[in-house]
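Right, one structure below, let's go through it.
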Amino acid sequence: MGKRVAVVLAGCGAYDGSEIHESSAVLVHLSREGAQAEIYAPDVDQMHVVDHVKGQPTQEKRNVLVESARIARGNIKDLAKLDVRGLDALIIPGGFGVAKNLSTWATQGKNCVVSKEVEDTLRAFHAAKKPIGLCCISPVLAAKVFPGCELTVGHDTECKIWPYAKTAETMKELGCKHVNKHVTEIHVDVKNKLVTTSAFMCNAPIHEIYDGIGKMVSEVVRLA
């Protein structure tokens, strides 16, 4: 039997949900590793819905679980039903939905609140000493829930290639150790069994983002 890995989604779309390319990369690499993905999402309303052509919020209302089901091809469960005892690892792809629907990072930064279901899930895997993989903006969840942990969101100096580098500084303010890594690299916090990679925090070719996520997934499965 392959490892059973929980994948938690935050909707469908880079600006208001889970980043679709990152989510797909996670699922493809899990399949390549012979692992079974168990997909979950919270049954809550999105913070808002963004028109991905205009990059602006609309008046629509959408549900995180219903939207995440698009990526999961309908094979998804309510996060409230997740039982850590039957699972070997946890992975949370990035996308602004992490900062808007799984937490309030988008509006409150380091003073954010992580949703109770998401925090409970992270703490359950951590307490069971089961690995947690995070990419793009999702390491902010670990930064908030596990003060003092080590992680990467890429680089801490803002430039054209790293437009979101200030996120690293905020993580340092939370007491975490940020480790600069290229988009194709990962960082492993051995003590906390956290595996992180920057993904779309970097303006990089999509194949490099895909490769970095692949290394994250492989390490998570190896640690499971």
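Of all residues being among the charged types (D, E, K, R) and within 11 Å of Pro93 (Cβ to Cβ) in region 3-52, which is least open to solvent (accessible area, probe 1.4 Å)? Just the residue, please.
Glu22
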- Quick one: which helices (runs of 4 or more DSSP H) lie wholly within region 54-145 and hold at least 2 residues that are more than 14 Å from the chain's Cα centre (by Cα)? 64-71, 105-108, 116-127
- Query: If only one of Tyr210, Tyr164 is open to solvent by 60 Å² or more (accessible area, probe 1.4 Å) and either at pLDDT below 95 or in a loop (DSSP other than H, G, I, E, B) (or both), which one is it?
  - Reply: Tyr164
- Query: Within the set of pairs 6+ apart or on separate chains, which have a first residue in region 16-45 that is at positive phi, a second that is surrounded by fewer than 18 Cβ atoms within 10 Å (Cβ to Cβ) and not β-branched (Val, Ile, Thr), and C-beta atoms under 7 Å apart?
  - Reply: Gly34/Gly2
- Item | Selected residue (only one of Gly97, Gly55 is open to solvent by 20 Å² or more (accessible area, probe 1.4 Å), among the small types (Gly, Ala, Ser) and in contact (Cβ under 8 Å) with a residue 40 or more places away in the chain) | Gly55
- Close pairs (8 angstrom Cβ cut-off, 6 or more residues apart or separate chains): touching a residue at least 40 places away in the same chain (Cβ under 8 Å) in region 109-121, of a type in the set (D, E, K, R) and open to solvent by 70 Å² or more (accessible area, probe 1.4 Å) anywhere: Lys110/Glu173
- Restricting to region 185-207, what's the tally of residues that are over 15 Å from the mean Cα position of the chain (by Cα), over 22 Å from Arg4 (Cα atoms) and open to solvent by 40 Å² or more (accessible area, probe 1.4 Å)? 5
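The values are calculated or read from the model by the stated rules, or taken from the named source; none is laboratory data. Not measured: the values here are computed from a predicted model. Cβ atoms come from the backbone with ideal geometry, glycine included; neighbour counts cover every protein chain shown. For accessibility, only protein heavy atoms count, side chains too; no ligands or nucleic acids. Shrake-Rupley method; radii C 1.70, N 1.55, O 1.52, S 1.80 Å.
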